[in-house]
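Computed from the coordinates by the stated procedures, all read-outs in this text should not be read as laboratory data. Owing to the predicted nature of the structure, the values given are computational and were not obtained by experimental measurement. Virtual Cβ from ideal backbone geometry, glycine too; neighbours counted across all protein chains shown.
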Amino acid sequence: MKKNAFFTPIATAILLVAAGVALAQEPVEPISPVKEVNLGKVELGKKLYFDPRLSKSGFISCNSCHNLSMGGTDNLKTSIGHKWQQGPINSPTVLNSSLNVAQFWDGRAADLKAQAGGPIANPGEMAFTHTLAVDMLETIPEYVIEFKLVFGKALIDIDQVTDAIAEFEKTLVTPNSRFDHWLLGETDAITAEELGGYQLFKLSGCIACHNGSSLGGTSFQKMGIVEPYQTANTAQGLIAVTGKDADRFKFKVPTLRNVALTYPYFHDGEAATLSHAVDIMGRLQLGKQFTPQENAQIVAFLKTLTGDQPLFDLPMLPPSTDKTPKPTPFD
Ligand code: HEC
Ligand code: HEC
């Protein structure tokens, strides 16, 4: 007993130091659980995230295209918007989106708050206006009270709406993946095949673009460096924001966190499976043709990146009143 009591702290210290060293050497950091959020804002933002009355149809909410039961995506090539319009681009996950350098594939929104106003007023998405959205909220007394409690202002405005949604989105981080356990020193948290996949991921050069705690979201990179990417999609990437020709076809490097859940892949959603996406990345970005075994190892590694999914009671939305405008789903 005494011996154990003496050795345990030393063994623990050695383990911690070893884990610290391993961590310091890896180009990826674990996802941290969320801290420092305003809980009142989060609860309000959660309601707004699920409230389809922020759309013209009364049918489409943020969760329609960023379904939190499906990795924060819609699992479609491109999204379906108001009146079943075909969207122009694949819906990226909202999970861990607070860690991105900027929002959207081309980075045109600086942060989550700037982003959240976009879809409400986008005619191809929720097809509403900010004024109509705020007017709708003002007709629902429970919302009026909750906004006042959270923001302390006499009237609701769109700034408060986007602020609350962004605060809720900050909570959508996914810590505790098996890979994070491995990063923190639990050597048996991933299998030999998965570890082999991670080594290949680093040695082949994937890590040059997919790095940081999100394994992505840190930079804009050209799609199709060694070989051009063939697509019928008309999105041009970062050039739409900067106007610089050098930025044509540069997209925000997507996060690989929870990538097993966020299919189909790429901005056009044309890669249906992870093995297809990995094959394209190897050839087009790095000039490498992976063997089927190497491809399977990398895919196995990518599947260790699924973390704890957001878990909460579904918010109860306050009912509409006689004054609330009726949804118009068909015009
Ligand atoms: C009709 C489908 C649709 C709806 C509804 C929708 N989105 Fe999106 N969302 C998309 C698509 C598609 C993109 C990518 C657009 C682009 O990059 O040009 C996107 C991008 C985003 C991003 C950026 C993620 C990243 O990594 O760049 C965030 C965050 C986001 N949406 C949050 C929201 C919120 C909050 C709402 C509700 C207010 C919402 N979305 C409503 C389809 C939708
Ligand atoms: C030069 C930078 C770069 C390198 C190197 C790179 N990627 Fe990518 N990766 C990107 C960009 C940019 C995209 C988005 C491309 C698009 O959607 O058009 C992407 C997309 C992906 C996707 C799809 C994610 C999604 O949600 O759509 C996967 C999976 C992926 N990369 C894995 C890898 C793997 C595995 C490697 C190494 C074999 C790798 N990448 C190497 C930049 C890179």
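Some observations on this one:
- Exactly one residue out of L302, L256 is assigned to a loop (DSSP other than H, G, I, E, B) and either within 16 Å of ligand 1 (Cβ to nearest atom) or surrounded by 19 or more Cβ atoms within 10 Å (Cβ to Cβ) (or both), and it is L256.
- Selection count, the range 274-299, where residues are in contact with a Cys (Cβ under 9 Å, 6 or more places away or on another chain) and surrounded by fewer than 20 Cβ atoms within 10 Å (Cβ to Cβ): 1
- Among the residues of this structure, I225 counts as one that is among the β-branched types (V, I, T), in a loop (DSSP other than H, G, I, E, B) and more than 16 Å from ligand 1 (Cβ to nearest atom).
- Residue in the range 52-65 that is within 16 Å of G269 (Cα to Cα), part of a loop (DSSP other than H, G, I, E, B) and within 16 Å of ligand 2 (Cβ to nearest atom) present: no
- Check on E227, acidic (D, E), touching a residue at least 60 places away in the same chain (Cβ under 8 Å) and either more than 10 Å from ligand 2 (Cβ to nearest atom) or surrounded by 15 or more Cβ atoms within 10 Å (Cβ to Cβ) (or both): yes
- Within the range 25-60, considering residues that are within 30 Å of L195 (Cα to Cα) and of a type in the set (V, I, T), the one farthest from ligand 1 (Cβ to nearest atom): V28
- Residue satisfying condition, being more than 16 Å from ligand 1 (Cβ to nearest atom) and more than 15 Å from the chain's Cα centre (by Cα), within set G237, G243: G243
- With respect to (1) more than 11 Å from ligand 2 (Cβ to nearest atom); (2) closer than 29 Å to T78 by Cα; (3) under 18 Å from the mean Cα position of the chain (by Cα), the lone exception for D180 is condition (2).
- Count of the range 94-106 residues, restricted to those that are among the β-branched types (V, I, T) and within 7 Å of ligand 1 (Cβ to nearest atom), is 1.
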